[in-house]
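Heads up, the thing below is written out as structure tokens.
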Amino acid sequence: MVRVVDVWALASDGVTLTRRLTVQPHGPASGAVHVGLDLELPGVRPRYFAPGMAYAPGQWARGGCFTYADHRLAYPVVAAHVGERGAVLSLERQSLATYDAAPERRPGQTVYRQRTDVGSVGFRAGDRAALCAAWPYAEVDESAMLDAQRSPAVALHPVGDGLDVVVRYRLRLLPAADYVSAVRGVFGAVVAAVAPEPSPLPVSLEESIALRLDSAAKTYTRFADGFAGFVLNVDPDRGYASQAKAFGASFADHHMDGSREILEFGFTGRQLNIAAMLARRSPRQWRDRAAAVVDGFVERMTTPSGWVHTLWDAGRGRPLFACGDPSGTVMHYLGRSDAPGTYTRMMCEAGSDLLLNVDLRARDDVVRGRWWAAAVRLAEFLVRVQEPDGAWYRAYAPDGSPLTGDWLGDAGSGGKSATGTVVPFLLDVAARADDGARYIAAARRAAGYILAEQTASDEYRGGTLDNPNVVDKEAAFIAMRALLAVHRHDPDPALLEGARRAAVLAVTWHSIWEVPAVPGTRLATERVRSVGWGGINPVWGVGVTDIYSLFFLADLHELAGLVGDQLFAEVARLSAHSSLQILAVPHDRHGLADAGMQPEGISFCPQGVDDGLIAKGDTWGGLAWPYTAGTFALERYLEACARDRKSPEHDRARPTEVWQ
């Protein structure tokens, strides 16, 4: 006999539902059970929110049922904002999942038995709007769990031994004049209720920086043609001489053959940044070696027009085009393009890292002059190609022509999503130039574009280069950083409010609850917690995570103080601590080859398992960016904390060394 008893109770801001499901034992071979909940919202067409998955109306324009397993979300909550009524209704699971196990299924099977406490929440879009929940989970219309065709994934809990389970839900009704207010209210409420604690640190945050730099230093290589750099695209399980391991992603399978010989100067690799970090830490040991890295970039990858290459193929001894290279795909983000070129974001990150090296030289240094001239040429190129509306395209050919298409976006806002990536670089150049007025003016125009085209609609797309124009975490962070950077130079309440709005959405991509692990997996063995890890895109959600948010934590912490929202500072702290979760340290390497190594990311939810992609409990990737995120970016965060004396991890800012 199956029995479901629902008990509804009033709360101060809504109602709670306690659902008890009991099944009498019938023997080990007997059936399985699944229960659902639909709460219809008649007469409205809301804008929905599911943290780490659903933000923009285009995501649900086709209508249908959009449901998400608990472990795909930053927290199992879904909300419907009804603007004309100035209110948001949320449905959250209060009794969080406590256990999970591998499903009992064969490839291709979409409904299967699984002994799991993981449920799902979601919504139905279209004429019959509703908020939905199920136990166990049901990703009904489509799912990324099983295959690239997004076949549904529905779990049925076995009941042979009997079952007695209680699942608690809460419905909240909150005032919300606009979408960002709705998101802030809903996510802030669950953060306050859960009160997530940061993960324990195996070493201090400062010590983790030193370990990563020590590891990166071991990869320095001077190639036969004289080009120098750090060979960082490796498999951390197998060591420095290995190839980065293949992994599957939402839009492509990344076989990574030959990637070990690719030196990156932006996005998932920051050669010039590592050079500067090592040279600043140990000037005598690293001055000349770092200079060789920078010289190779300036002499062989910059151009007279200012446009710069961002990838060097050490095997071929030539630069690669990050978009449309005639040799075909090597790296995971090599964009499809009829004309060769490179990403705007990568050029600007290379330019900012070049400036770090410029700063380590005395002003009258001849080498500094050559490096500075290359940075100025890039800044001048960007000013020349800026659009009348203040935007930049995602990628450019060497002659300054914008690159567009299915991967890079159209000639409208889709192709201009990288605008925010240019702003910090131009302001950095302006701060060092004798007359930076042109660069400041360009940055201001770009900020105006971001406010008009992104924050006005609260929609951010195309931040990560290997995700073509989808809503993602980095796009919101990039907008936040750009607006905050212009505000620092020219204080303006509209800029600060725009930065705040972008940050509200960005922080909701970070897990604030402890996802139960599947016994026997790597994450279970290493006792890795999900709290603080960040999702990447709305295909994976917060089921596949990384620590890329480290690049934005200093800005997020600063913004918390400026706007008086400690949610930003709290998420930054959770994220910083999560970055050490599976970092190899001397007393515990987690099966990795050397201290200072770590995988790119980890999976708390299966993704494409029938296609051989990522199973729950896996680690994935072996690209270079954690070395920069976990050194330069983490150090910036610690400095931001030190400035307001709110960090127990760091109580003074580092002095700046200058090479003489």
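Suppose the filter is modelled with pLDDT of 95 or more, open to solvent by 10 Å² or more (accessible area, probe 1.4 Å), assigned by the TED database to the domain that holds VAL186 and touching a helix residue (DSSP H, G or I) at 6+ places or on another chain (Cβ under 6 Å); does PHE49 pass it? Criteria not met by PHE49.
Between ARG124, ARG150, the distinction of being closer than 24 Å to ALA61 by Cβ, open to solvent by 10 Å² or more (accessible area, probe 1.4 Å) and either outside the structural domain of SER30 (by the TED database) or part of a strand (DSSP E or B) (or both) belongs to ARG124 only. Per the conditions (1) touching a residue at least 12 places away in the same chain (Cβ under 8 Å); (2) closer than 25 Å to ILE478 by Cα; (3) not hydrophobic (A, V, I, L, M, F, W, C), the sole criterion not satisfied by GLN607 is (2). For segment 442-452, indicate whether the set of residues that are at pLDDT 95 or above and hydroxyl-bearing (Ser, Thr, Tyr) is non-empty. Checked against the condition, which is being at pLDDT 95 or above and hydroxyl-bearing (Ser, Thr, Tyr), segment 442-452 yields at least one hit.
Restricting attention to segment 353-364, does a residue exist that is open to solvent by less than 30 Å² (accessible area, probe 1.4 Å) and modelled with pLDDT under 95? The answer is yes, given that some residue of segment 353-364 is open to solvent by less than 30 Å² (accessible area, probe 1.4 Å) and modelled with pLDDT under 95. The numbered conditions (1) part of a helix (DSSP H, G or I); (2) under 16 Å from ALA74 (Cβ atoms); (3) open to solvent by less than 20 Å² (accessible area, probe 1.4 Å) are all true for GLY541 except (1). Checking each residue in segment 444-485 for being under 27 Å from GLY324 (Cα atoms) and among the hydroxyl-bearing types (Ser, Thr, Tyr) picks out TYR460, THR464. How many of the residues in segment 365-396 are assigned to a loop (DSSP other than H, G, I, E, B), open to solvent by 10 Å² or more (accessible area, probe 1.4 Å) and modelled with pLDDT of 95 or more? Summing the residues that are assigned to a loop (DSSP other than H, G, I, E, B), open to solvent by 10 Å² or more (accessible area, probe 1.4 Å) and modelled with pLDDT of 95 or more in segment 365-396 gives 5.
A single member of HIS510, HIS557 is touching a helix residue (DSSP H, G or I) at 6+ places or on another chain (Cβ under 9 Å), in contact (Cβ under 8 Å) with a residue 12 or more places away in the chain and within 24 Å of VAL470 (Cα to Cα), and it is HIS510. A search for C-beta distances below 8 Å between a residue of segment 459-481 that is at positive phi and any residue that is at pLDDT 90 or above and assigned to a helix (DSSP H, G or I), counting only pairs 6+ apart in sequence or on different chains, returns GLY462/ALA475. Of all residues in segment 194-225, exactly one satisfies the criterion of being of a type in the set (Val, Ile, Thr), closer than 22 Å to ARG636 by Cα and either modelled with pLDDT under 95 or not in a loop (DSSP other than H, G, I, E, B) (or both), namely ILE209.
Among the residues making up segment 297-340, those that are open to solvent by 10 Å² or more (accessible area, probe 1.4 Å), not polar (S, T, N, Q) and not in a loop (DSSP other than H, G, I, E, B) are VAL298, GLU299, ARG300, ARG318, PRO319.
The values are calculated or read from the model by the stated rules, or taken from the named source; none is laboratory data. All of these numbers come straight from a predicted model, not from anything done at the bench. Because the Cβ atoms are built from the backbone with ideal geometry, glycine has one as well, and the counts that use them run over all protein chains shown. Heads up: the accessible areas ignore ligands, DNA and RNA and are worked out on the full protein's heavy atoms, side chains in. Shrake-Rupley method; radii C 1.70, N 1.55, O 1.52, S 1.80 Å.
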